[in-house]
Amino acid sequence: LSAVEQDVIDEIDEKGIDFLRLQFTDILGTVKNVSVPATQAEKAFTEGIYFDGSSIDGFVRIQESDMRLKPDPETFAVLPWRTREGDEGGAARLICDVINTSTGEPFEGDPRRVLKDALERAADMGYEVNAAPEPEFFLFEEDEDGRATTKTNDAGGYFDLAPKDLAQDVRRDIIYGLEDMGFEIEASHHEVAEGQHEINFEYDDALTTADNVGTFRTVVRAIAAQHDLHATFMPKPIPKINGSGMHTHISLFTEDGENAFHDGDDEFDLSEEAKQFTAGILEHAPAIAAVTNPTVNSYKRLVPGYEAPVYVAWSDRNRSALIRKPAARVPAASRIEARFPDPSCNPYLAFAALIHAGLDGIEEGMECPDPVRENIYEFDEAKREEHGIGTLPSNLGEAVDALETDEVVQDALGEHVTEKFIQAKTEEYDEFRIDVSQWELDRYLEKF
Ligand code: GLN
Ligand code: MG
Ligand code: MG
């Protein structure tokens with residue numbers, strides 16, 4: 001056992017942990033877990049835990065279904081809401097890499113592997129990638145059967161305080177839960193829409209951050225449920241009010257700890273690399289959207305008027321752009337904010353797509369367009385054309401089409417994930433396309 005692995009074993013003993021949840025994610029971003037008695041910890045580290053990969057979305061066919069989980073000891077965390085009453089015992093989780101048992105190599109369909117590949121490419125170019133997401137979510141009441149409704153439990157608005165912000169206690173408990181699991185919380189506030197919230201946590205290297213997004217969603221849902229509320233990361237649960245985004249802040253650091261995105265002499269405080277990285281994301285945005293905005297519902301959020309981007313442009317001021325350059329107080333904080341991702345994405349794949357597109361921008365020395373400082377929602381087509389501003393796909397079908405012709409984003413995902421992802425998303429979109437919605441019935445049933 002390595003020193004870190006031994007530390008985990010000691011902590012399991014000290015804290016009287018009974019069960020270990022070994023976690024990984026499928027290609028759709030759902031956190032899966034296998035629970036093993038904590039007595040298996042040593043074996044999990046030395047031999048791994050075998051499971052049947054054929055029942056996981058986007059993994060493998062029955063014939064080749066044996067997979068092995070290799071726990072990453074750095075990700076050990078006690079699950080605060082699983083603690084047994086009256087003592088310290090309970091459950092802990094470990095995030096795992098997935099190993100293909102027939103080759104003994106990392107499984108190419110493991111989203112965590114896909115992100116590690118992106119980070120390796122960055123490292124080869126001399127960079128470490130930092131990322132910080134801002135996941136937004138709604139808290140809804142449950143009905144008598146414990147099923148989620150879309151009834152909010154408060155009517156607060158942006159940065160409102162109690163008593164309007166009834167969710168304050170829930171949010172506080174969520175924050176305690178996150179802190180217990182090692183999160184450093186920067187801020188939390190009521191978001192713009194009623195029932196909508198945001199909790200920000202400290203940036204970290206992109207892999208840790210992607211791990212954190214999965215943990216974050218799990219903790220928020222678990223603690224909301226303790227308050228008889230349903231937390232949802234669905235991008236647009238209610239029409240005509242703001243949806244939920246997952247703005248993602250990214251910066252590259254050099255090996256000696258300098259922020260490669262900072263240039264004090266630049267008007268925007270952005271280095272040439274930062275601009276090329278931005279250009280790369282803008283160039284590949286339609287295909288990236290298939291990954292960062294991967295549901296039918298994602299595209300109901302990406303419409304004008306609700307602080308979500310629609311047009312492919314960047315800005316140092318306004319929030320209607322796809323990428324924003326936030327004000328930075330210190331050089332280390334220079335970064336770009338991708339505003340199109342939403343919290344229904346698989347964070348590993350989403351970060352991998354953004355990073356590869358950005359690195360491609362650097363490698364190709366791409367030219368970054370000028371920032372757009374006006375409200376792009378108010379531009380007409382002629383004005384957009386004049387500024388050379390494209391649009392994001394308007395539905396999942398178009399996004400998948402864009403992915404099908406974008407080799408950079410396909411390479412980011414790798415062959416296996418690209419194939420499974422396109423297959424799953426095409427099916428999802430086709431199912432939606434042939435469905436007849438309530439809106440259509442309301443509009444046409446009696447009229448025709
Ligand atoms: N909810 C908005 C979105 O969909 C963002 C609002 C904000 O953070 N100011 O991206
Ligand atoms: Mg927000
Ligand atoms: Mg933001």
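No lab work stands behind these numbers, since they all come straight from the coordinates. Quantities reported herein were computed from a predicted structural model and do not represent experimental measurements. Here the Cβ positions follow ideal geometry from the backbone for every residue, glycine too, while neighbour counts run over all protein chains shown.
Points to keep in mind about this one:
- The range 121-150 and the range 94-110: distance between their alpha carbon centers, rounded to Å: 24
- Relative contact order computed over the chain (Cα-Cα under 8 Å; 6+ residues apart), in percent: 14
- C-alpha center-to-center spacing [the range 417-440, the range 173-233] in angstrom: 29
- Listed by chain and number, the aspartates and glutamates placed with their C-alpha closer than 13 angstrom to that of K236 are E136, E194, E307, D342; residues fewer than eight positions away on the same chain are left out.
- Chain lengthening between E42 and D10 when straightened (0.36 nm per residue, less Cα-Cα): 10.4 nm
- Computed per residue of the chain from DSSP H runs no shorter than four, each worth -39500 (n - 2.57), the mean residue ellipticity at 222 nm is -11000 deg cm²/dmol.
- Per-residue Cβ neighbour counts within 10 Å put Y127, Y311, Y50, Y444 in the sequence Y444, Y50, Y311, Y127, beginning with the fewest.
- Residue order, fewest to most beta carbons within 10 Å, for T278, T232: T232, T278
- Rounded FRET efficiency, nearest 0.05, which uses the C-beta distance separating R373 from A148 and R0 of 51 Å: 0.80
- Placing unit charges on each Cβ (+1 for Lys and Arg, -1 for Asp and Glu) gives the chain a dipole about its Cα centre, and among P371, L441, A122 the Cα reaching farthest toward its positive end belongs to L441.
- Mean sequence separation of contacting Cα pairs (under 8 Å, at least six apart), scaled by the length of the range 329-422, corresponds to a relative contact order of 39 percent.
- Separation of the E255 and S2 label points, Cα + 7 Å toward Cβ, nm: 2.0
- The chain, Rg to Rh (Cα coordinates; Rh as Kirkwood inverse mean 1/r): 0.96
- Straight-distance candidates among the lysines for linking to K275, with alpha-carbon spacing under 26 Å and chain neighbours fewer than 8 residues away dropped: K116, K325, K383.
- Of the GluC sites (Glu not before Pro) in the range 1-74, the ones in a loop by DSSP (not H, G, I, E or B) with at most 16 other beta carbons within 10 Å are E47.
- Label point distance in nm, D430-R317, each placed 7 Å from Cα along Cα→Cβ: 4.8
- Of the trypsin sites (Lys or Arg not before Pro) found in the range 363-448, those in coil by DSSP whose Cβ has at most 14 other Cβ atoms within 10 Å are R373, K447.
- Annotation for the range 202-269: trypsin sites (Lys or Arg not before Pro) lying in DSSP loop with at most 12 further Cβ atoms inside 10 Å of their Cβ are K240.
- Under 20 Å of direct C-alpha separation, and excluding same-chain neighbours fewer than eight residues apart, K240 reaches these lysines: K151, K300.
- Stretch gain in nm, segment V330-D57, where the contour uses 0.36 nm per residue and the Cα spacing is subtracted: 94.0 nm
- Farthest toward positive dipole pole in the chain [+1 Lys/Arg, -1 Asp/Glu at C-beta], among M67, I389, F233: F233
- Kirkwood analysis of the Cα pair distances in the range 126-275 returns a hydrodynamic radius of 16.7 Å.
- Proxy reagent accessibility, fewest Cβ within 10 Å first, across M125, M366: M125, M366
- Remark: the V34-E407 segment gains 130.8 nm on full extension, using 0.36 nm per residue and subtracting the alpha carbon distance.
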